[in-house]
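Heads up: the structure comes next, in structure tokens.
The values are calculated or read from the model by the stated rules, or taken from the named source; none is laboratory data. Please read all numbers here as calculations on a predicted model, not as lab measurements. Heads up, the Cβs are rebuilt from the backbone with ideal geometry, glycines too, and the neighbour counts pull from every protein chain shown. The area values use the complete protein model at the heavy-atom level, side chains included, leaving out ligands, DNA and RNA. Shrake-Rupley method; radii C 1.70, N 1.55, O 1.52, S 1.80 Å.
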Amino acid sequence: MNIFKTLKPLTRAVITTLMCSLPLLGVTSVHASTPLKSAPLKVTLSPSDPTWQLAINNKLLGPTEVLIEPTERGFARQVQPLLQAGNYSEVAALFKGRDISEDSTALNLLRAQVLLSTKDFNNAELAYLACLKASPDLVKAHQGLSLLYMQQAKYDKAQTHLVHSIELGQADAQSYAQLAYIHVQHSQPWSAVAAYRQALMLAPETSQYQQGLLFALIESGDLSQANALLKELLNKTPDKAELWLQRAQIALQLDHKKQALAAIEVALKLNPKDTSNQLLAAQLHLSEGSSERAVSLLKQGLKHATKQQQVEVINTTMQTLGWLVSQQKWDLAKDLIGSAKRLTKQLPRDEQAQFSVYSAQIAMQQGNTKRALKSLNNALKINPNLGDALLSLASIYRGKSQLTQAKLMYVRAQALPDYQLSAWLGLSQIAIDSKDYPSALKYLRKALQANPQRQDLITNIRALENIVRQEG
């Protein structure tokens, strides 16, 4: 009797110490440990797609770079009013009745320009190439082909014809801006900066070129020049969401997260349903400690996401759920799960299982053991080696004094490297609950050997060693 009187307070002390040293069961997954840090936060920007102008020759009967044949004058008179009225589809239909090999270079150039304007790219290309075969240095043909290839994202071909047209003397603002745009597409920001500056020398007030230069400066890392230009542009057009996003991008590159967040919030006011910005703002709010705003933005993203955006939204939501659970922000986690549930079918199977674990952990906090058990068992049907589910089930069984079932869950979890520590601590606690102190000591020694940084375990080990010695 005296032994048990001595053991009881020691056992309580060991239990208390062990419970304090146990990590929160069920939230030791990758989702919970380092959410939102897998990649640096970055505003996703792309260069604005400018509207390039194509000058269509409306004066076939006047002096031009290339002349039509006398036999083509009747056709020219027929299409002239249609061209002036902008009825290019009707002109294209008339060209279908003509043989391209029989027409002059001037008429084929018109054919190419009209077909390009109606987005008949294949036949437009054939017509432009026919022009260049007859007249290799025809500037308008090179210009037209560069536009055609740019619209098809064939930037190498576009660049070849664009450079050739500039060499032939067509060095206007649009040509340099097109060249800059191609450099951006080729991830050559410094070359893009030079070309945009050349374009702005010739057309300094063109906002498209200014924004293109700003994008290129940010991509090149010249943030001081980018900031100076951005201030100028914001003074002129403070209601342009893209500019505020570029301010956010600069702030993020300088690691000024509060400034980035303020800029993105302005962009969201200007464009409230932009899902990408909502996701980025949500992540920034989490990093700055504003969980409520983050969840609110994610719920909006879940509501407004297009099919193409749903995967990105639900992935960010899963990361956020992991963080909320790890921080025990149960009300916010429950709110977010309710909004995300309808999109969980978009997740891979393993992620669906993890979602069930989060739902179970919330149910556990609400005391709804029945629902938690159902969710956890569903998760394990999908992924029998899901450590979060195993640890959470073990926690429930321990709470219900079903120690055999709890031990089985911990034994399964200890086979998973990321969950060994929690499993060994859980097995040690069960051994203590069962007064099997040698086994408890064995598991604690395993835990310390694998995690020597956990010096807090030494106190528990020494207390158990004392108990084992007293028991003899």
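Give the ranking of Val139, Val266 by solvent-accessible surface, highest area first, calculated with a 1.4 Å probe.
Val266, Val139
Please give every one of the aspartates and glutamates within straight-line cross-link reach of Lys381, meaning a C-alpha to C-alpha distance under 18 Å, and leave out same-chain neighbours fewer than 8 residues apart.
Result set, ordered by chain and number: Asp350, Glu351.
Give the angle, between 0 and 90 degrees and rounded to the nearest 10, that separates the Cα long axis of helix 155-167 from the longest principal axis of the Cα atoms of the chain.
Approximately 40 degrees, to the nearest ten.
Rounded to the nearest 10 Å², what accessible area does Thr306 have for a 1.4 Å probe in the complete protein model?
60 Å²
Taking θ as phi - 60°, what are the ³J(HN,Hα) couplings along region 233-244 by the Karplus curve (6.51, -1.76, 1.60), each to the nearest whole Hz, with x for Gly and Pro?
Rounded to whole hertz, the list is 5, 5, 5, 7, 9, x, 9, 9, 4, 4, 5, 5.
Could you work out the relative contact order of the chain, using alpha carbon pairs under 8 angstrom and six or more residues apart, expressed as a whole percent?
Relative contact order here is 15 percent.
Region 236-334: which GluC sites (Glu not before Pro) are DSSP loop and have at most 14 other beta-carbon atoms within 10 angstrom?
Glu288
What does the charge add up to near Glu232, with Lys and Arg as +1, Asp and Glu as -1, over the other residues with Cβ less than 14 Å from its Cβ?
Surrounding charge for Glu232 is +3.
Can you put Met150, Met364 in order of accessible area, largest first, using a 1.4 Å probe?
If we order Met150, Met364 from most to least accessible, we get Met364, Met150.
If DNA, RNA and ligands are ignored and the probe is 1.4 Å, what is the ranking of Ser359, Ser175 by accessible area, most exposed first?
Correct descending sequence by accessible area is Ser359, Ser175.
If each of Leu343 and Gln366 carries a label point 7 Å out from its Cα toward its Cβ, how far apart are those two points in nm?
My value for the distance between the label points is 2.1 nm.
If you take the beta carbon distance between Asn466 and Trp330 as r and set R0 to 45 Å, what does 1/(1 + (r/R0)^6) give as a FRET efficiency, to the nearest 0.05?
0.70
Could you tell me whether region 326-379 comes out rounded, prolate or oblate from its Cα gyration tensor? Rule is a ≥ b ≥ c as square roots of the eigenvalues, rounded for a/c under 1.5, then prolate if a/b exceeds b/c, otherwise oblate.
Oblate is the answer for region 326-379, as a/c is 1.5 or above yet b/c matches or exceeds a/b.
Can you give me the C-alpha center-to-center distance between region 375-453 and region 90-130, rounded to a whole angstrom?
Between the Cα centre of region 375-453 and that of region 90-130, the gap is 75 Å.
Taking only DSSP H segments of four or more residues, each worth -39500 (n - 2.57), what value at 222 nm results for the chain once the sum is divided by all its residues, to the nearest 500 deg cm²/dmol?
That comes out to -22500 deg cm²/dmol.
Mind checking the full-extension length gain between Ser224 and Ser287? Use 0.36 nm per residue of separation minus the Cα-Cα distance, one decimal, nm.
That works out to 20.1 nm of additional length.
State which entries of Lys119/Lys154; Lys119/Lys307; Lys345/Lys370 exceed 19 angstrom in Cα-Cα distance in the structure shown.
Lys119/Lys307; Lys345/Lys370
Would you mind telling me the share, in percent, of accessible area of the chain contributed by carbon and sulfur at probe 1.4 angstrom?
Ligands and nucleic acids excluded, carbon and sulfur give 50 percent.
What's the magnitude of the charge dipole for the chain around its Cα centre, counting Lys and Arg as +1 and Asp and Glu as -1 at the beta-carbon? Answer in Debye, nearest 20.
For the chain, the charge dipole is close to 3040 debye.
Karplus couplings for region 369-383 from phi (6.51 cos²θ - 1.76 cosθ + 1.60, θ = phi - 60°), rounded to Hz, Gly and Pro as x?
Going residue by residue, I get 5, 4, 5, 4, 4, 4, 5, 5, 5, 4, 4, 6, 5, 6, 9 Hz, with x marking Gly and Pro.
By how many nm would the segment from Glu102 to Gln253 lengthen if fully extended, with 0.36 nm per residue of separation less the alpha-carbon distance?
Here the answer is 48.5 nm.
Filter Lys258/Lys299; Lys400/Lys442; Lys299/Lys407 down to the pairs with a C-alpha to C-alpha distance above 32 Å, please.
The answer is Lys299/Lys407.
What does the accessible area per residue of region 380-426 come to in Å², with a 1.4 Å probe and no ligands, DNA or RNA counted?
43 Å²
Quick one: angle between helix 437-450 and the longest Cα principal axis of the chain, in degrees between 0 and 90, rounded to 10, please.
30 degrees
Give me the accessible area per residue for region 66-119, probe 1.4 Å, as a whole number in Å².
51 Å²
As a test question: what accessible area, to the nearest 10 Å², does Lys334 have when a 1.4 Å probe is rolled over all protein chains in place?
Accessible area, nearest 10 Å²: 110 Å².
With labels modelled as points extended 7 Å from the Cα through the Cβ direction, what inter-label distance (nm, one decimal) is found for Ala153 paired with Ser439?
Result: 6.1 nm between the two label points.
What is the calculated FRET efficiency for Lys374 to Leu126, with r their C-beta to C-beta distance and R₀ = 56 Å, to the nearest 0.05?
So, using R0 = 56 Å, E works out to roughly 0.30.
At a Förster distance of 60 Å, what's the computed FRET efficiency of Asp350 paired with Thr160, Cβ-Cβ distance as r, to 0.05?
In this case the efficiency is close to 0.80.
Quick one: Karplus J couplings for region 265-277, per residue in order, coefficients 6.51, -1.76, 1.60, θ = phi - 60°, nearest Hz, x for Gly and Pro?
The phi angles translate into 5, 5, 4, 5, 5, 6, 9, x, 9, 7, 5, 4, 5 Hz.
Of the listed values (i) 1.05; (ii) 0.94; (iii) 1.51, grab the one calculated as Cα Rg over 2.2 N^0.38 Å from the structure here.
(iii)
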